[in-house]
1. What does the highest-first list of 97-106, 2-11, 55-64, 132-141 look like by mean Cβ count within 10 Å?
2. Go through 192, 93, 163 and say which Cα lies farthest out towards the positive end of the charge dipole of the chain; charges sit on Cβ, +1 for Lys and Arg, -1 for Asp and Glu.
3. How big is the convex hull of the Cα atoms of segment 55-211, per residue, in Å³?
4. Rounded to a whole number of µm²/s, how large is the Stokes-Einstein D of segment 1-146 at 25 °C and 0.890 mPa s, given Rh as the Kirkwood radius over C-alpha pairs?
5. Segment 154-192 to segment 86-111: how many Å between their Cα centroids?
6. If the rule is a partner Cβ under 4.7 Å, which cysteines in the chain fail it?
7. Taking the Cα centre of the chain as origin, work out the dipole magnitude from +1 charges on Lys and Arg Cβ and -1 charges on Asp and Glu Cβ, in debye rounded to 20.
8. Convex hull over the Cα atoms of segment 17-102, averaged projected area in nm²?
Amino acid sequence: LLTAHPDADFVQLQVNYLDWEDPVVQARACMEVAERHGKPVVVMEPARGGRLVDLPERVAAPFRAAAPDASWAYRFCWNLPGVLTVLSGMSTLEQARENVAAYRANKPFSAEERQALDQAVATLRGMASVPCTNCRYCVKDCPQGVSIPEIMSLLNLELMTENRDFVKGLYQWQAPGRASTCIACGACEAMCPQSIDIVHQLEVAAEHFEG
(Lines give C-alpha, C1' and ligand atoms only; values in the text may rest on other atoms or scores of the structure.)
Protein backbone atom coordinates (compact mmCIF):
# COMPACT_ATOMS: atom_id res chain seq x y z
CA LEU A 1 0.00 0.00 0.00
CA LEU A 2 2.75 2.47 0.86
CA THR A 3 4.61 1.66 -2.33
CA ALA A 4 1.44 2.35 -4.32
CA HIS A 5 0.62 5.48 -2.30
CA PRO A 6 3.87 7.28 -1.48
CA ASP A 7 1.91 10.49 -0.85
CA ALA A 8 0.43 9.09 2.38
CA ASP A 9 1.14 11.41 5.30
CA PHE A 10 1.03 8.77 8.03
CA VAL A 11 -0.06 5.22 8.83
CA GLN A 12 -2.60 4.26 11.50
CA LEU A 13 -1.85 0.91 13.14
CA GLN A 14 -3.00 -1.34 15.95
CA VAL A 15 0.05 -1.54 18.20
CA ASN A 16 0.48 -2.70 21.79
CA TYR A 17 2.83 -4.89 23.80
CA LEU A 18 0.61 -7.96 23.50
CA ASP A 19 0.34 -7.73 19.69
CA TRP A 20 3.98 -6.77 19.13
CA GLU A 21 5.04 -10.28 18.07
CA ASP A 22 1.55 -11.65 17.36
CA PRO A 23 1.55 -13.69 14.10
CA VAL A 24 -1.92 -12.44 13.14
CA VAL A 25 -1.69 -8.72 13.94
CA GLN A 26 2.06 -8.46 13.16
CA ALA A 27 2.36 -5.07 14.86
CA ARG A 28 6.15 -5.03 14.81
CA ALA A 29 6.33 -5.97 11.12
CA CYS A 30 3.84 -3.22 10.23
CA MET A 31 5.83 -0.65 12.21
CA GLU A 32 9.00 -1.70 10.38
CA VAL A 33 7.27 -1.30 6.99
CA ALA A 34 6.17 2.21 7.93
CA GLU A 35 9.71 3.03 9.04
CA ARG A 36 11.19 1.78 5.77
CA HIS A 37 8.84 4.09 3.88
CA GLY A 38 9.59 7.03 6.18
CA LYS A 39 5.99 7.30 7.41
CA PRO A 40 5.10 8.30 10.98
CA VAL A 41 2.59 6.12 12.81
CA VAL A 42 -0.62 7.03 14.59
CA VAL A 43 -1.37 4.23 17.06
CA MET A 44 -4.98 3.19 17.57
CA GLU A 45 -6.03 3.14 21.22
CA PRO A 46 -3.83 0.41 22.78
CA ALA A 47 -6.62 -1.01 24.92
CA ARG A 48 -5.26 -4.55 25.13
CA GLY A 49 -3.54 -4.68 28.47
CA GLY A 50 -4.12 -0.98 29.02
CA ARG A 51 -5.47 -1.06 32.57
CA LEU A 52 -4.19 -3.39 35.26
CA VAL A 53 -7.73 -3.91 36.56
CA ASP A 54 -8.60 -5.51 33.21
CA LEU A 55 -5.82 -8.10 33.44
CA PRO A 56 -5.82 -11.44 35.27
CA GLU A 57 -4.05 -10.98 38.60
CA ARG A 58 -1.19 -13.32 37.71
CA VAL A 59 -0.48 -11.09 34.71
CA ALA A 60 -0.93 -7.79 36.53
CA ALA A 61 1.31 -8.83 39.45
CA PRO A 62 4.67 -8.05 37.75
CA PHE A 63 3.31 -4.67 36.67
CA ARG A 64 2.09 -3.83 40.17
CA ALA A 65 5.43 -4.79 41.69
CA ALA A 66 7.47 -2.68 39.27
CA ALA A 67 5.28 0.43 38.85
CA PRO A 68 1.65 0.13 39.99
CA ASP A 69 0.60 3.55 38.71
CA ALA A 70 2.35 3.41 35.32
CA SER A 71 0.46 3.68 32.04
CA TRP A 72 2.04 0.50 30.66
CA ALA A 73 0.17 0.21 27.36
CA TYR A 74 0.57 3.88 26.50
CA ARG A 75 4.23 4.03 27.54
CA PHE A 76 5.03 1.04 25.36
CA CYS A 77 3.68 2.92 22.34
CA TRP A 78 4.93 6.38 23.28
CA ASN A 79 8.51 5.14 23.32
CA LEU A 80 8.47 3.33 19.98
CA PRO A 81 10.43 5.09 17.22
CA GLY A 82 8.32 6.74 14.55
CA VAL A 83 5.17 7.13 16.63
CA LEU A 84 3.52 10.48 15.96
CA THR A 85 0.40 10.11 18.12
CA VAL A 86 -1.18 7.53 20.41
CA LEU A 87 -4.96 7.81 20.28
CA SER A 88 -6.67 7.51 23.63
CA GLY A 89 -10.33 6.99 24.33
CA MET A 90 -11.54 9.99 26.34
CA SER A 91 -15.08 11.00 27.21
CA THR A 92 -14.54 13.49 30.06
CA LEU A 93 -12.31 16.47 30.71
CA GLU A 94 -10.79 14.67 33.69
CA GLN A 95 -9.74 11.75 31.49
CA ALA A 96 -8.10 14.20 29.10
CA ARG A 97 -6.18 15.77 31.99
CA GLU A 98 -5.07 12.36 33.23
CA ASN A 99 -3.77 11.37 29.82
CA VAL A 100 -1.90 14.64 29.35
CA ALA A 101 -0.31 14.26 32.80
CA ALA A 102 0.69 10.67 32.06
CA TYR A 103 2.30 11.69 28.78
CA ARG A 104 4.23 14.55 30.39
CA ALA A 105 5.54 12.12 33.02
CA ASN A 106 6.50 9.52 30.41
CA LYS A 107 10.01 8.11 30.27
CA PRO A 108 11.53 4.97 28.72
CA PHE A 109 11.12 1.72 30.62
CA SER A 110 13.79 0.98 33.17
CA ALA A 111 15.51 -2.42 33.13
CA GLU A 112 13.23 -3.53 35.98
CA GLU A 113 10.11 -2.33 34.16
CA ARG A 114 11.18 -4.00 30.92
CA GLN A 115 11.66 -7.26 32.81
CA ALA A 116 8.18 -6.92 34.32
CA LEU A 117 6.71 -6.26 30.88
CA ASP A 118 8.44 -9.30 29.38
CA GLN A 119 7.26 -11.46 32.28
CA ALA A 120 3.65 -10.32 31.92
CA VAL A 121 3.63 -10.89 28.15
CA ALA A 122 5.16 -14.35 28.60
CA THR A 123 2.42 -15.20 31.11
CA LEU A 124 -0.26 -13.97 28.72
CA ARG A 125 1.19 -15.94 25.84
CA GLY A 126 1.39 -19.05 27.99
CA MET A 127 -2.34 -18.83 28.63
CA ALA A 128 -3.21 -19.23 24.93
CA SER A 129 -4.41 -22.69 23.92
CA VAL A 130 -5.06 -22.56 20.15
CA PRO A 131 -1.67 -23.00 18.41
CA CYS A 132 -2.56 -20.96 15.33
CA THR A 133 0.41 -19.43 13.47
CA ASN A 134 -1.64 -17.47 10.90
CA CYS A 135 -0.28 -19.51 8.00
CA ARG A 136 -3.73 -19.01 6.41
CA TYR A 137 -3.82 -22.37 4.63
CA CYS A 138 -7.19 -22.89 6.28
CA VAL A 139 -8.88 -19.97 4.53
CA LYS A 140 -7.84 -20.90 0.99
CA ASP A 141 -10.58 -23.46 0.35
CA CYS A 142 -13.13 -22.40 2.98
CA PRO A 143 -16.45 -22.33 1.08
CA GLN A 144 -17.97 -19.92 3.62
CA GLY A 145 -15.13 -17.42 3.82
CA VAL A 146 -14.83 -17.80 7.60
CA SER A 147 -12.17 -15.55 9.20
CA ILE A 148 -10.48 -18.55 10.79
CA PRO A 149 -7.06 -17.13 11.82
CA GLU A 150 -8.64 -13.99 13.23
CA ILE A 151 -11.16 -16.04 15.20
CA MET A 152 -8.44 -18.34 16.59
CA SER A 153 -6.52 -15.26 17.71
CA LEU A 154 -9.61 -13.86 19.44
CA LEU A 155 -10.22 -17.15 21.24
CA ASN A 156 -6.68 -16.94 22.57
CA LEU A 157 -7.20 -13.32 23.56
CA GLU A 158 -10.28 -14.29 25.55
CA LEU A 159 -8.23 -16.87 27.45
CA MET A 160 -5.41 -14.42 28.05
CA THR A 161 -7.50 -11.49 29.25
CA GLU A 162 -10.37 -13.44 30.81
CA ASN A 163 -12.59 -10.66 29.45
CA ARG A 164 -15.21 -12.09 27.08
CA ASP A 165 -17.17 -8.86 26.67
CA PHE A 166 -14.06 -7.02 25.50
CA VAL A 167 -13.15 -9.71 22.97
CA LYS A 168 -16.76 -10.00 21.82
CA GLY A 169 -16.62 -6.34 20.89
CA LEU A 170 -13.47 -6.91 18.83
CA TYR A 171 -15.07 -9.89 17.12
CA GLN A 172 -17.79 -7.69 15.67
CA TRP A 173 -15.32 -5.92 13.36
CA GLN A 174 -12.23 -8.11 13.26
CA ALA A 175 -13.95 -11.27 12.00
CA PRO A 176 -16.29 -10.44 9.10
CA GLY A 177 -16.48 -14.14 8.19
CA ARG A 178 -18.57 -15.33 11.13
CA ALA A 179 -17.83 -18.57 12.97
CA SER A 180 -21.50 -19.52 12.87
CA THR A 181 -21.44 -19.77 9.07
CA CYS A 182 -19.09 -22.78 9.25
CA ILE A 183 -20.68 -25.88 7.63
CA ALA A 184 -18.18 -28.29 9.22
CA CYS A 185 -16.88 -29.50 5.86
CA GLY A 186 -13.43 -30.10 7.36
CA ALA A 187 -11.48 -28.51 4.48
CA CYS A 188 -9.70 -26.21 6.93
CA GLU A 189 -8.63 -29.02 9.25
CA ALA A 190 -7.25 -31.02 6.34
CA MET A 191 -4.98 -28.07 5.48
CA CYS A 192 -3.91 -27.07 9.01
CA PRO A 193 -0.20 -27.85 9.70
CA GLN A 194 -0.92 -27.55 13.45
CA SER A 195 -3.77 -30.12 13.35
CA ILE A 196 -6.06 -27.69 15.15
CA ASP A 197 -9.63 -28.87 15.76
CA ILE A 198 -10.88 -25.82 13.89
CA VAL A 199 -14.49 -26.88 13.50
CA HIS A 200 -14.88 -27.31 17.25
CA GLN A 201 -13.06 -24.05 17.97
CA LEU A 202 -15.41 -22.23 15.61
CA GLU A 203 -18.36 -23.69 17.51
CA VAL A 204 -16.85 -22.32 20.72
CA ALA A 205 -16.32 -18.92 19.09
CA ALA A 206 -19.90 -18.77 17.84
CA GLU A 207 -21.17 -19.55 21.33
CA HIS A 208 -18.88 -17.06 23.06
CA PHE A 209 -18.96 -14.14 20.62
CA GLU A 210 -22.28 -14.38 18.81
CA GLY A 211 -24.58 -15.43 21.62
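1. The densest-packed peptide leads the list: 55-64, 132-141, 97-106, 2-11.
2. So the residue furthest toward the plus end is 93.
3. Taking the convex hull of the Cα positions in segment 55-211, it is 147 Å³ per residue.
4. 144 µm²/s
5. Their Cα centres are 32 Å away from one another.
6. Isolated Cys, the chain: 30, 77, 132, 135, 142, 182, 185, 192.
7. Once rounded to the nearest 20, the dipole reads 420 debye.
8. The Cα convex hull of segment 17-102, projected and averaged over all directions, gives 6.4 nm².
The values are calculated or read from the model by the stated rules, or taken from the named source; none is laboratory data. Since the model is a prediction, treat every value here as computed from it, not as a measurement. Positions of Cβ are generated from backbone atoms using ideal geometry, with glycine treated the same way; all protein chains shown enter the neighbour counts. We work out accessible area using only protein heavy atoms, side chains counted, and drop any ligands, DNA or RNA first. Shrake-Rupley method; radii C 1.70, N 1.55, O 1.52, S 1.80 Å.
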